[in-house]
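A short reminder: the numbers here are calculations on the coordinates, not readings from a lab. Quick caveat, the model's predicted, so the values are computed rather than measured. Because the Cβ atoms are built from the backbone with ideal geometry, glycine has one as well, and the counts that use them run over all protein chains shown.
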Amino acid sequence: MSGSGGTAVSSSGDTAVSAEFAAVARLDDLLGDPWRAENVYGFAAGAARDARGDFPHAFAARLDSVDFPLAYLPPSLGGTLRGLDETLLLVRVAARRDAALMPATLLSCSAVLTVLAAGSDEQAKTVADWVQEGRTIAFALSEEQAGSDVLAGEAKLDPTGDGYRLWGRKWLVGRGATADAVVVVARTAERGPAAFTAVLLGPRELAHRVRRQPAQTVTGMRGIDFADLVFEGTPVPRAAVIGAVGGGLAGAMRAQQVVRLLSTGACLATADTALRTALRFTRDRRVGGVRVADTGYGSRELAVAAAELFAADLLSLTAARYVHLSPATFGLCSSVVKRVATRLTSSSITRSRTLLGARAVLAHGPGAVVDKARRDNEIVETIDTSPFGVLRAIAVQLPGYAPSLPVDPGTVQTSAAPVDVASLFAFGEQLPDLDPAALDLSARPKDLVLLGFVEQAEGAARQVAAGGDERGAELVRELRAALADTFATAAEAQRDRARGLGASAELLDLAERCCLLYAGAAAVLAWRAYPDRGLYGEEPGGSGWLTAVLAVLLALADGRDPRQAAPELPPAVRALTRLDAAGLLFTALPVQLSDGRPESEEGDATS
């Protein structure tokens, strides 16, 4: 169905506000203007907590009072989940104020989703009840010596007459020092993916022969305890096993497909805050009588940062709907969205920080807000899956897409059934229930975004050109050619042992390139899904933001500095300015925010 749903007009009268995400606007209004220094849910309060290393108790309690921690839990289990696209935006309006709110309120999702993916109905009800009671369920998978190689984990479950004994040490467990329960993945056999079993330990089990190590100091999301758990023969009843013995890693990996997606909410939230802070700073400060935002350098940096954020935003929203609509084919998208969101938002924040000039190094004011956003953002890159693990998961899938996306557009295979991707982009509209058990770990070339782009690329290019944007049409065709070349090269490398994953970094580099191009494909399909309604506040049919996004992504994919795409970038900074002027979230279907103007600082501008 078309994504051209209803809109409401913002108070500015210029930019349409999405009616689809009214609940998101209500949450932001509840939390108040984040620019006000006295707002305990504002930017200044978050920076102050960060400086002290304090846990956000009051903020977490406020969110708990409106059932925010239930936003990923299906209604059948007492949750409030309507669709993960709405959940992502709810996360963004809360976490843009303080990203530590994610592990403070949603940390249980890794454990809960593992149970929903592999456990029994009774176990699902148990963890859902705990979440509704305000309890925290930690997730213990990583081990320090194993790093990103989960198959190297040494913690083990030894069978006993009436159950098991758990031995070993789990590393950097989120809320490990304070969690009420924990899901642990431990070894039950010698080797292979089927050598691991997941168990659910409640308060009773955690009280016996479990040592909680002191929380370790981390660079971002300060106040959240990341602590080791040491198991010294902890008794584990047979009923605590989640699913089948030997199926623990599979269940956890299914759950991580959704967790990786949810983590992008923190990436987007921190980038939104950093970029909004930089935009307002550069529009208020002058150098030589010219606003920094209007200088060639300032305008260009804002535009690149905006295009990076828009690309990550669109892909995250698309992925959030994808996991509901086709969980069996979501695996590739799950890894791609994690890599794209972490990479592009990190770059966007870096550009934003640079635009603050000397104020970027001050531990107060805009410098403190953006520095916290930067450090919180960096935590997300490795908090559930390392960058290497993500790229490796993508690399093994690339060769399979070569036949579906040949270098010669005239040889596209037409025997396959058409791919219906319209529902992927109907942001905010009704979705099927989330079914973590249906997530598939196989690497099959069935990704809806890639196959949908194959079908629609030429039509989209013609449509962009018909709107008067010839350069945009060229970029759509360049994107298709670049994807075809990436998959063909990956297929060749797979056949050559000297270029395979075990001997060369080439396939990982191709995976990185694929991520950027995939984001471009999603952007093209999203633009085409809204013929009667512009995205990012643009006029219906307007493709300026799309051209800017594609220019930046293609430059990055080719290893070029995206600032070389300067001629295509002005629409991105115009969209950014338009959204902020109307007090809207930097997202495809804008959401009304409660933001006023920041309190003014004394002092002259510094370039």
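Things worth noting here:
- Packing order of peptides 454-460, 433-439, 501-507, highest average first: 454-460, 433-439, 501-507 (average count of other Cβ atoms within 10 Å over each peptide's residues).
- Cα-based shape type of the stretch 162-207, given that a ≥ b ≥ c are square roots of the gyration tensor eigenvalues and the cut on a/c is 1.5: oblate
- Relative to the Cα centre, the charge distribution of the stretch 517-607, modelled as +1 at Lys and Arg Cβ and -1 at Asp and Glu Cβ, gives a dipole magnitude of about 480 debye.
- Comparing V304, A278, G265 along the charge dipole axis of the stretch 244-335, the residue lying farthest to the positive side is A278, per the Cβ-charge model.
- If you take the alpha carbon atoms of the stretch 119-200 and fit the smallest convex hull around them, that volume is 111 Å³ per residue.
- Alpha carbon Rg of the chain, scaled by the compact-globule rule 2.2 N^0.38 Å: 0.94
- Antiparallel DSSP beta bridges within the stretch 80-187, as percent of all bridges there, nearest 5: 45 percent
- The chain, dipole about Cα centre (Lys/Arg Cβ +1, Asp/Glu Cβ -1), debye to the nearest 20: 880 debye
- Distant alpha-carbon pairs in the stretch 237-280 (separation over 17 angstrom), percent: 57 percent
- Whole-Hz Karplus values for the stretch 302-319 come out as 4, 5, 5, 4, 5, 4, 5, 5, 4, 4, 5, 4, 5, 5, 5, 5, 5, 4 Hz, taken residue by residue from phi with 6.51 cos²θ - 1.76 cosθ + 1.60 and θ = phi - 60°; glycine and proline positions read x.
- If you count Lys pairs in the chain whose Cα atoms are under 30 Å apart, skipping same-chain pairs closer than 8 places in sequence, the total is 9.
- Of the residues T350, A177, L317, the one whose Cα sits farthest toward the positive end of the charge dipole of the chain, with +1 on the Cβ of Lys and Arg and -1 on the Cβ of Asp and Glu, is A177.
- Amide H contacts of V173 (H built 1.01 Å from N, under 5 Å, at least 5 apart or other chain): A227, D228, L229
- Packing, as the average of other Cβ atoms within 10 Å across residues, places the peptides 124-135, 177-188 in the order 177-188, 124-135, highest first.
- Packing, as the average of other Cβ atoms within 10 Å across residues, places the peptides 376-382, 99-105, 30-36 in the order 99-105, 376-382, 30-36, highest first.
- Nearest-20 debye value, the stretch 5-145 charge dipole, Cβ charges on Lys, Arg, Asp, Glu: 220 debye
- Rel. contact order, % - alpha carbon contacts under 8 angstrom, at least six apart, the chain: 17 percent
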